[in-house]
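The values are calculated or read from the model by the stated rules, or taken from the named source; none is laboratory data. None of the values given here were measured: they were computed from a predicted structure. Neighbour counts run over all protein chains shown; Cβ positions are idealised from the backbone, glycine included.
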Number of protein chains: 2
Amino acid sequence: MQLTQQLLHEREDYIYDVIVIGGGSGGLSAGVYLQRYLLNSLIIDKGKARSFWIQALHNYLGLPSDTPGRELLKQGKAHYLSIGGDLLNGYVEAVADEGTVFSVRTKVGRNQSIYHTFQAKYIIAASGIIDHLPQLENMQNVYNFAGYNLHVCLLCDGYEMQNQQVGVFCASQSSLEVVSPLSWFTPHITLFTNGQFKVLSEQKQAFSKQGIPVIETPIRKFLGVQHQMTGVELTDDTVIQLDSGLIAMGAHRHAEYLQGLDLECKNENLITDSSMRTSHARIFAVGDLKVGMNQVIVAASDGAIAATQIWRDIRSREGSRPKS
Amino acid sequence: MQLTQQLLHEREDYIYDVIVIGGGSGGLSAGVYLQRYLLNSLIIDKGKARSFWIQALHNYLGLPSDTPGRELLKQGKAHYLSIGGDLLNGYVEAVADEGTVFSVRTKVGRNQSIYHTFQAKYIIAASGIIDHLPQLENMQNVYNFAGYNLHVCLLCDGYEMQNQQVGVFCASQSSLEVVSPLSWFTPHITLFTNGQFKVLSEQKQAFSKQGIPVIETPIRKFLGVQHQMTGVELTDDTVIQLDSGLIAMGAHRHAEYLQGLDLECKNENLITDSSMRTSHARIFAVGDLKVGMNQVIVAASDGAIAATQIWRDIRSREGSRPKS
C-alpha cells in the first residue's frame, strides 16, 4: 500500500525481504517481480526518476513511441501497488548493515519531516542519476525545454536530432567526447561552454576544420515557445538559432546512502555480477547506478533479474514456503 | 517495409548492416534501436515467438498485466516498420560467414516456397526457444489450454498458481527439479510422467512424504472449458481435478542455422559478453537463446544492448556519418 506519515506505525518492527531504493523503471520492475515471488517489499521513492522527465519514450518495446516517461512510472506504480507492494515517498539518508538485516534511515515529508528506520534482509539500489543542467540565472527557462527538444541522452534521441542544427551544452573537456557520436546523426553542431571552461586552442582548431563552432560566451537564456527550444541568447546579446540541443554535462549519482558500505565501483558506477549483485552479497544495484547502458528498458530488465536472484537466495535459505 | 516474395528483388545485392533472426521481443527491440541508430536492418521472423503464446504478460513494466504477448509483438512490429525497418516472414536455413559479410539463406513461403540469400555485416540471433508440450493424440486439446492456465514458465506464473492444485507435466528425471521452486507457491502438487519415463522409487517415496503424488499412467486428454483447464483424464479413465498446470518438459532451441559457426555454448545456451556478443565478433545473441533468464523484458533489454554495441562497432570502423 501507499505508506504515509500517518501509516508508518503499521510497519513498526517489520522486516521486509527487500527494500528497493528508488521508484524509477528499475525499482518498479524489481518491485513487481518481488511481489509476484510472494516476497515483502518496500519501494522508497523520492520522486525524481530520470524517466519522469522524458517527454517521449521512443525506444521502449511495447509502448507507443510518444509515451511520456511519467506514464510508464504511473502504470508501474499502480501495478506494484495492485499486488500488495508498499510504496513510500521519502528520502533514504543512510543504509547500515546490521549483520542479517539492513537498517534504512528515511526522511519522510519535506516540511515537518519525520524520520523512520526500516529494516530489510536485502537492498536493491535503484536510485539512479540525474543530469547536470546548464546553470542559468532563471532555471525555469532550462526546465521549460529539458526533456523536450533539449535532450540529455544521445542514445535515446540521436534519431530526433538527424541533420538538425544542434547546440551541445558542455561542462568540461570530457563533455566534448559526445561530438563524435553526435556527428553520426548530424554535421551541424555548435558547442557551448557557457563560460565554464576553456577549450584547448588546438582542439578548437580541429573542431573548426569540422565546421563546428565553439562558443565560450556565457548563455543568458534559451529561446523558444511551447517547450520547443529555437536557439540561445548569449550575454553579449548574440542570438544563435538551433533546432535542438543536447546537454552533455555529466550526471549526479543518487547514492549517498551507500557511503560507508564500501561497494566496488568503476568510474563511480557500481560493479555487479550478471545477477545485479554488488560486491556485498545482499545489496543489488539496477539501472543507471551500475556499470552498463543508461536506458529505461535495461533498468527494467535489471530489476527483474535482481528480484529473481534475491528470490532464489531466500528460497534456498528459508526453504520452500513463505510464512504467511 | 514488410517484404514479400514479390518485393524481394528490391533487395538484390543489398548489404544490410544487421540481419536479426527472430521477431520476438529481443529481435524487435534490437530492430527499433538499430533503425534509430540509422542502421539498415532486416528482421526475419518465422512467426513463432514464444511470447505470442502468452495470454497475459503479468510482469512487463509499463504494460497492463492482462496484455497478451501478441499485443506486445504487434506494437513492436508496427514501431519497427514505422522507422524504416525491413521485416520478412521467412525461415532462415543457414548462415555462412563469408569474411566481411554473412550470407543468410532464407526460405520464404510455406507452400510454393522460394529461396533468397540475404547479406549482412552483423547477425543478431534472436530466434529463441519453443517449449516441448505433452504429446497427446489430439494436440488441439493441448493448444486449447497452453498459455492460459496450463503454464510453461514458473518465474512468470508461479504467482497465478498460489495455493492451487497444480499438475506438473514432466518429460524426464530433470523435469522434477521444478517441484522445489513450485512448492514456494503451492503445496498441492501432482506430478504426471505421461508414461514417458520411470521415476526412481526412492524419489517417489520422497515425493510421497511431501504429499506429492506421482502419476505414471499416460494422459488421454486435458479437461476444461473455454481455455480453462480443470483436470486430466488418464488412459485408465481416472479423472484428476486440477486448478492449473505447469509444463516442465524443456524446450527446443531455434538455432539450427548457426550450426557450423562453432559458437561457444553452455548447456546449449549461447555464451555472450555483457554487450550480447557471442564468441564470434559479428554475431550477437539475445533473449532465450543465450545464457540468462528467459523473460520478455530481459530479451527486450538484450536487444537494446546488442544494437547499441553494433552501432558503436560500425561507427568506430566506418567513421562519423552513414552514407545515405
- Message: So, residue B:2, is that one without any contact (Cβ under 8 Å) to a residue 60 or more places away in the chain, surrounded by fewer than 22 Cβ atoms within 10 Å (Cβ to Cβ) and farther than 30 Å from residue A:78 by Cα or not?
- Response: no
- Message: Going residue by residue through segment B:264-286, is there one that turns out to be more than 14 Å from every other protein chain (Cβ to nearest Cβ), polar (S, T, N, Q), surrounded by 18 or more Cβ atoms within 10 Å (Cβ to Cβ) and within 29 Å of residue B:80 (Cβ to Cβ)?
- Response: yes
- Tally the residues that are under 14 Å from the mean Cα position of the chain (by Cα) and more than 13 Å from chain B (Cβ to nearest Cβ), restricting the search to segment A:15-60. 9
- Only helices (runs of 4 or more DSSP H) wholly contained in segment B:123-237 count here; list those with 2 or more residues that are within 30 Å of residue A:301 (Cβ to Cβ). B:154-157, B:179-182
- Taking residue A:91 as the residue in question, decide whether it is surrounded by 15 or more Cβ atoms within 10 Å (Cβ to Cβ), free of Cβ contacts under 8 Å to residues at least 60 places away in the same chain and under 11 Å from residue A:20 (Cβ atoms). no
- Note on the structure: Within segment A:67-88, residues under 13 Å from residue A:19 (Cβ atoms) and of a type in the set (Asp, Glu) come out as A:86
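Residue check: is residue B:56 more than 19 Å from residue B:285 (Cβ to Cβ), at pLDDT below 95 and hydrophobic (A, V, I, L, M, F, W, C)?
Considered against the rule, which asks whether it is more than 19 Å from residue B:285 (Cβ to Cβ), at pLDDT below 95 and hydrophobic (A, V, I, L, M, F, W, C), residue B:56 comes out as yes.
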- Selection from segment B:151-183 of residues facing chain A (nearest Cβ under 10 Å) and touching a residue at least 60 places away in the same chain (Cβ under 8 Å) yields B:155, B:156, B:157, B:159, B:160, B:182
- Task: Could you tell me whether segment A:297-316 includes any residue that is assigned to a loop (DSSP other than H, G, I, E, B) and either in the same structural domain as residue A:176 (by TED's automatic domain parsing) or not hydroxyl-bearing (Ser, Thr, Tyr) (or both)?
- Result: no
- Note on the structure: Checked segment B:68-82 for anything at the interface with chain A (Cβ under 8 Å from one of its Cβ atoms) and buried (at least 18 other Cβ atoms within 10 Å of the Cβ); matches are B:72, B:75, B:76, B:79
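Let's see how each residue does on (1) touching a residue at least 40 places away in the same chain (Cβ under 8 Å); (2) touching a strand residue (DSSP E or B) at 6+ places or on another chain (Cβ under 7 Å); (3) not aliphatic (A, V, I, L, M):
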{"residue": "A:211", "(1), (2), (3)": "no, no, yes"}
{"residue": "A:215", "(1), (2), (3)": "no, yes, no"}
{"residue": "A:225", "(1), (2), (3)": "no, no, no"}
{"residue": "A:230", "(1), (2), (3)": "no, yes, yes"}
{"residue": "A:248", "(1), (2), (3)": "yes, yes, no"}
{"residue": "A:305", "(1), (2), (3)": "no, no, no"}
- Query: Just a yes or no: is a residue in segment B:89-106 out of contact with any Lys or Arg (no Cβ under 7 Å at 6 or more places or on another chain), within 14 Å of chain A (Cβ to nearest Cβ) and not in a helix (DSSP H, G or I)?
  - Reply: no
- Check on residue B:63, in a loop (DSSP other than H, G, I, E, B), within 14 Å of chain A (Cβ to nearest Cβ) and of a type in the set (A, V, I, L, M, F, W, C): yes
- Message: List pairs: first residue in segment A:267-290 and touching a residue at least 24 places away in the same chain (Cβ under 8 Å) and among the acidic types (Asp, Glu), second residue in a loop (DSSP other than H, G, I, E, B) and buried (at least 24 other Cβ atoms within 10 Å of the Cβ) anywhere in the structure, Cβ distance under 6 angstrom, at least six positions apart or on different chains.
- Response: A:288/A:128
- Message: Going by what's in this entry, would residue A:203 be described as outside the structural domain of residue A:20 (by TED's automatic domain parsing) and more than 27 Å from residue A:159 (Cβ to Cβ)?
- Response: yes
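What about residue A:233, is it outside the structural domain of residue A:146 (by TED's automatic domain parsing) and surrounded by fewer than 16 Cβ atoms within 10 Å (Cβ to Cβ)?
The answer is no for residue A:233.
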- Note on the structure: From the option list B:126, B:120, single residue qualifying as assigned by TED's automatic domain parsing to the domain that holds residue B:256 and touching a helix residue (DSSP H, G or I) at 6+ places or on another chain (Cβ under 9 Å) is B:126
- Tell me which residues, restricted to segment B:174-207, are acidic (Asp, Glu) and under 22 Å from residue A:317 (Cα atoms). B:177
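State which residue is surrounded by the fewest Cβ atoms within 10 Å (Cβ to Cβ) when the search covers only segment B:244-255 and only residues that are under 14 Å from the mean Cα position of the chain (by Cα) and not basic (Lys, Arg).
So in segment B:244-255, the residues under 14 Å from the mean Cα position of the chain (by Cα) come out as B:250-255.
Among the residues that remain, those that are also not basic (Lys, Arg) are: B:250-252, B:254-255.
Numbers: B:250: 14, B:251: 16, B:252: 12, B:254: 24, B:255: 23.
If we take residues in segment B:244-255 being under 14 Å from the mean Cα position of the chain (by Cα) and not basic (Lys, Arg), then B:252 is surrounded by the fewest Cβ atoms within 10 Å (Cβ to Cβ).
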- Message: I'd like the residue in segment A:307-324 that is touching a strand residue (DSSP E or B) at 6+ places or on another chain (Cβ under 8 Å) and within 12 Å of chain B (Cβ to nearest Cβ) and, out of all such residues, is nearest to residue A:57 (Cα to Cα).
- Response: A:307
